[in-house]
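Before any comments, here is the structure.
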Amino acid sequence: MQTLAAASLEAKSTGDFGAATGNRWTMAGSAAVTYQYGKDQVVSNGTTTTTNSVNAALVYGDLLLRDRGERYDFTARFNGGYTQNILTTNGGSQDRVTTAYGELTDRVFGVTARVGRQSLASQGIVGLFDGLYVGYQVSSKWSVSGAAGLPAYTSYSGVSSNQKFGTITAELDPFNHAWIFDGYFFDQINGSDTERRSIGFQTRYSVAGRTAVLLADYDIAFKQLNSVTLIGNAKVGASWVLGFDADHRRSPQLQLSNAIIGQTVTDLPALEQQLPPSIIRQLALARTATSDTVVLSASRPLGERWQFFADISALRLSGTPASPAVPSLHPIDPTNPLCCAVAATPSTGLDKNASLQMAGSSLLQASDLHIFSVRYDNSPISTSETVSWDARFVVSGNWRLGPRLSVERLNDTQQHSRQMLYLPQVRGDWTGRRSIFELTAGYQVQNQRALQQQQTVTGQPVTTQVDQRSLYLSAAYRIRF
């Protein structure tokens, strides 16, 4: 999604980040505090169980500081927060840092350097990293760049030196942004071992009414294709916009530490003390599934007030074979009873879904919004149908009200159960010049009927019913500056 956005959107100007002043320096940001509360009640066989699912306070902030000079541009950006889990059963409190970097650009030499926590969309890096990025604009058509540091993967990851990576990229823009070609080499180590070593290619095509992105990544250490993705959309006729997304990839991404999936050890060095490198490589391949996804979408306006959306998609996730567990040194041979303590996982089969959506504005009052949706999912083990309605109304002054209702029916053929889910929700917000206050409340009702095994005495199947009620409340206040 980052890559597709980069292919179709213009870069932001300085004015997007703060009010124009007589100084070169501009600053913009926000701070927010949120409280979340949730309670579940389950009634099963006459027994009622009540638990608190969520009870947490969140503090969040983002800051952008920029200086635009005649030759140098400086940017500092921070985006992070802290979650205080009042419930000790939810894993304790967590801090998160999505972005924290400083960037300097020399427009004369065409050099940009950025250091800190950041992300890149086109250099083989998955998620975030803590490190250094340097880019050099060789000419109007050529640019090269490199990055090195420590993978962070998610915003909740701390700085860790267990794994290190380096990558270099070359980009060619021969047709004034209509076609852009990127190639990269990526190398990551885990201790003294090669975690992942790959080469990648990306091309972006963007003209008025048409956008396409092709990405491919090949792991030269494992000699396996890691991923290939094609994303595109095109305007057809005066009104239609058609979209296409085809994706084939290893899931999770192929790397050596996948070998610890299902094992009792928690890191690769511990596994290396008990298994030879050849078996570890086999385990990494065996525990990495393959996913295939195809999505087709279409949208168009209907008159002045309505917009039509439709999409169909299909997903298949392969299974994984059984694998040996440490300290077993037996080869990966599922027919050997001493081989495989890590169980095989079956394929999901082909999961298909289709959805239709109609969005209308100014139906009951000026500037209101209504979204009507219908969705159907079909997989080898279950089917579901969902209908929903979302709306947004002007209440008074700066107050807005957004009711939502969703109803879903789920049939699980594998568990011989049927579920009905009802989810009413309401969201209200007040928006001022520099602040926003939001209140959200939701209540989910879930009724499940399951056909259990036959009774040993009567030989008749037993039907059980489980009713669950879930309450969710959230309040948030954000101030912008």
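The values are calculated or read from the model by the stated rules, or taken from the named source; none is laboratory data. From a predicted model like this one, the values you see are computed outputs, not experimental measurements. No Cβ is skipped: glycine too gets one built from the backbone with ideal geometry, and neighbour counts run over all protein chains shown. What goes into the accessible areas is simple: the full protein's heavy atoms, side chains included, and nothing from ligands, DNA or RNA. Shrake-Rupley method; radii C 1.70, N 1.55, O 1.52, S 1.80 Å.
Identify, from the list 377, 429, the residue that is closer than 29 Å to residue 35 by Cα, surrounded by 14 or more Cβ atoms within 10 Å (Cβ to Cβ) and of a type in the set (Asp, Glu).
Going through 377, 429 in turn, just one is closer than 29 Å to residue 35 by Cα, surrounded by 14 or more Cβ atoms within 10 Å (Cβ to Cβ) and of a type in the set (Asp, Glu): 429.
Select, from 281, 305, the only residue that is open to solvent by 20 Å² or more (accessible area, probe 1.4 Å), more than 13 Å from residue 193 (Cβ to Cβ) and not small (Gly, Ala, Ser).
305
Could you list, ordered by first residue, the pairs with Cβ atoms under 6 Å in which the first is in region 347-372 and touching a residue at least 12 places away in the same chain (Cβ under 8 Å) and the second is of a type in the set (Val, Ile, Thr) and open to solvent by 60 Å² or more (accessible area, probe 1.4 Å), at least 6 apart or interchain?
Pairs that qualify, where the first residue is touching a residue at least 12 places away in the same chain (Cβ under 8 Å) and the partner is of a type in the set (Val, Ile, Thr) and open to solvent by 60 Å² or more (accessible area, probe 1.4 Å), are 354/312; 356/374.
For the condition outside any loop (DSSP other than H, G, I, E, B) and without any contact (Cβ under 8 Å) to a residue 24 or more places away in the chain, what is the one hit in 241, 228?
Of the residues listed, the single one that is outside any loop (DSSP other than H, G, I, E, B) and without any contact (Cβ under 8 Å) to a residue 24 or more places away in the chain is 228.
Name every residue in region 87-118 that is of a type in the set (A, V, I, L, M, F, W, C) and at pLDDT 95 or above, in order of residue number.
Of everything in region 87-118, those that are of a type in the set (A, V, I, L, M, F, W, C) and at pLDDT 95 or above turn out to be 100, 104, 111, 113, 115.
Here is a list: 160, 192, 145, 93. Which entry is of a type outside the set (Val, Ile, Thr) and out of contact with any strand residue (DSSP E or B) (no Cβ under 7 Å at 6 or more places or on another chain)?
192
Can you tell me which residues in region 381-395 are under 22 Å from residue 477 (Cβ atoms) and open to solvent by 70 Å² or more (accessible area, probe 1.4 Å)?
392, 395
Do you know which residues across region 453-481 are hydroxyl-bearing (Ser, Thr, Tyr), open to solvent by less than 50 Å² (accessible area, probe 1.4 Å) and either modelled with pLDDT of 95 or more or in contact with an Asp or Glu (Cβ under 6 Å, 6 or more places away or on another chain) (or both)?
Residues satisfying the conditions are 470, 474.
Restricting the search to region 74-92, which residues are open to solvent by less than 90 Å² (accessible area, probe 1.4 Å) and under 19 Å from residue 39 (Cα atoms)?
Residues satisfying the conditions are 83, 84, 85, 87, 90, 91, 92.
How about region 401-418: which of its residues are crowded, with 16+ Cβ neighbours inside 10 Å and either in contact (Cβ under 8 Å) with a residue 40 or more places away in the chain or under 27 Å from the mean Cα position of the chain (by Cα) (or both)?
If the condition is that a residue be crowded, with 16+ Cβ neighbours inside 10 Å and either in contact (Cβ under 8 Å) with a residue 40 or more places away in the chain or under 27 Å from the mean Cα position of the chain (by Cα) (or both), then 402, 404, 406, 408, 410, 412 are the ones that fit.
From the list 301, 337, pick out the single residue that is more than 25 Å from residue 381 (Cα to Cα) and modelled with pLDDT under 90.
It is 337.
From (1) among the aliphatic types (A, V, I, L, M); (2) open to solvent by 70 Å² or more (accessible area, probe 1.4 Å); (3) at pLDDT 95 or above, pick out the condition that doesn't hold for residue 159.
Only one criterion is unmet by residue 159, namely (3).
Name, by its number, the condition in (1) at pLDDT 95 or above; (2) among the polar types (S, T, N, Q); (3) part of a loop (DSSP other than H, G, I, E, B) that does not hold for residue 23.
(1)
Quick check: anything in region 252-259 open to solvent by 30 Å² or more (accessible area, probe 1.4 Å) and not in a loop (DSSP other than H, G, I, E, B)?
no
Can you find, within region 45-73, the residue that is least open to solvent (accessible area, probe 1.4 Å) among those that are in a strand (DSSP E or B) and polar (S, T, N, Q)?
55
Test residue 129 against the stated conditions and say whether it is assigned to a strand (DSSP E or B), aromatic (Phe, Trp, Tyr), in contact (Cβ under 8 Å) with a residue 40 or more places away in the chain and open to solvent by less than 40 Å² (accessible area, probe 1.4 Å).
No: the conditions fail for residue 129.
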